[in-house]
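Remarks on the structure that follows.
Just so it is clear, none of the values below were taken in a lab; they were calculated from the coordinates. What you are looking at is a predicted structure, and each value in this text was computed from that prediction instead of being measured. Reconstructed Cβ throughout: ideal geometry from the backbone, glycine too, with neighbour counts over all protein chains shown.
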Amino acid sequence: MPDIIIIGGGPGGSAAATRAAQLGAQVTVIERAHLGGNCVNNNCIPLTSLLASVELYRRIGHAGDMGIQVGPASLNVPGMIARKDRIVQELREGIAGLLPTFGIEIVQGQAMLVDAKTVEVDGQRLQATRAIILATGAQWAPLPPGVEDVLRPDEAVKLDLLPDRLLIWGGGASDIEFATLYAALGSQVTLAVDGPYPLPLEDYEIGQRLQSILQNQGIQVMSDVHVKSATRTGGGLDVTLSGLKGETIVVVDKLLWAGRVPATDGLGLEQAGVKLDDGAVIVDDRMQTNVPGVYALGDLTGGRLYSSLATAGGLVAAENAMGRNRRLDQRAVPRYAFSIPEVATVGLTEDEATDKGYDIEVANIAYGTNTRAMGLGEVEGGIKFVADRKLGKVLGVHIVGHRATELIAEATLGIQLEAIAEDFAWAVRIHPTLSESMVEAGRAILGQALYVPKF
């Protein structure tokens, strides 16, 4: 009889299982599809693998600028697909081989919660002596009325069909990533954003800079619109967009929509007494539901749908299920998009900081002032710091540029540790590196920037 039963073998479930096993628990993981969840199988990993091919292709296109002579390059789509599939399969097999080394049992099947200690899997019941952890992630949202024939991300990453005209509905990270991918593959891409700019929840300067980058890649960006209807006709898919200026009909071959909702179907939450809010499981910062001994994490609990956040939630749930007292600190959760170049942010936007009553100081450092960026030929983008003027506390960091998703790590740790601008300003970095611009941003907050002209 297991101590802990975990429903869902994605990033959060796997992390919870491993941590609980490290603390001495007998753990059973129940997965209905493939280990690795949506991230490994349908989104993050396959999509970023394909984008890595696109990024290399683009860099080869600039080989002449680097003093390298090459012949004409082209994208080999079947080769990209084969590489992506190998990576996904390797990760699936890796997880399946790793978990048993911790003594974790893997059960294949559809699980349903019976009560706080009992799970039914395909007609058989399992009981946990300590806790049940729910980590089922998200599922595709039902299509809105009037919308038909939608391409979902799990289909889009297969690249079975490259539409001549593609409309992507949404302005989130995966929407931008798919727009970048399909535009590079030759599709005429339109991005319909329900907001003033792509990534509408992020800092306005990030959104505006990103919109310019996407447009330079041949992507048409339509702001402040939403899809009212989509109907298949003889000439294609007629999509009606409603916005501030009225309605517009766009005729495309495919409509891609990445809408997701918490995966609660068939989980038995109601009969077990687990409370929901707008379809998401309600948890506290210990990942505890209203039912003692039942924990939930990741996309199942709503909010921002990041596998990294699910992993952190899995670790917190496991520790608390094993009698410890761990809380999930969401003050410093990095947000990101694997566009080309990348976007990464953490903490408060400029507007959020102002709304919270901070007297703020803002610093912007262009990638073009960084010697490493110049050497790499990657000068597009910039770094923005938002800090409290009085105390110098760093409130938010926002980056568009080459390897932004790596640079954001030190900002994330800085905000988690409540660093001030002076901590960044007096840090020593290797020269030349992109990270030197983080130091320069700290100096700029203090009025001590070395590479920003003084006017």
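Worth pointing out:
- Among the criteria (1) closer than 28 Å to Y204 by Cβ; (2) out of contact with any Asp or Glu (no Cβ under 9 Å at 6 or more places or on another chain); (3) of a type in the set (S, T, N, Q), the one Q330 does not fulfil is (2).
- Qualifying residue in region 418-440 (condition: loosely packed, with under 15 Cβ neighbours inside 10 Å, in contact with a strand residue (DSSP E or B) (Cβ under 8 Å, 6 or more places away or on another chain) and more than 23 Å from Y204 (Cα to Cα)): yes
- Test: residue in region 324-335 that is under 12 Å from L395 (Cβ atoms), under 15 Å from the mean Cα position of the chain (by Cα) and not in a loop (DSSP other than H, G, I, E, B): no
- Test result for T240, farther than 21 Å from P198 by Cα and of a type outside the set (F, W, Y): no
- Only residues that are more than 15 Å from P341 (Cα to Cα) and free of Cβ contacts under 8 Å to residues at least 24 places away in the same chain were counted across region 42-59, and they come to 0.
- Matching strands (runs of 3 or more DSSP E) fully within region 342-420 where at least 1 residues are closer than 18 Å to I176 by Cβ: 342-347, 382-388, 394-401
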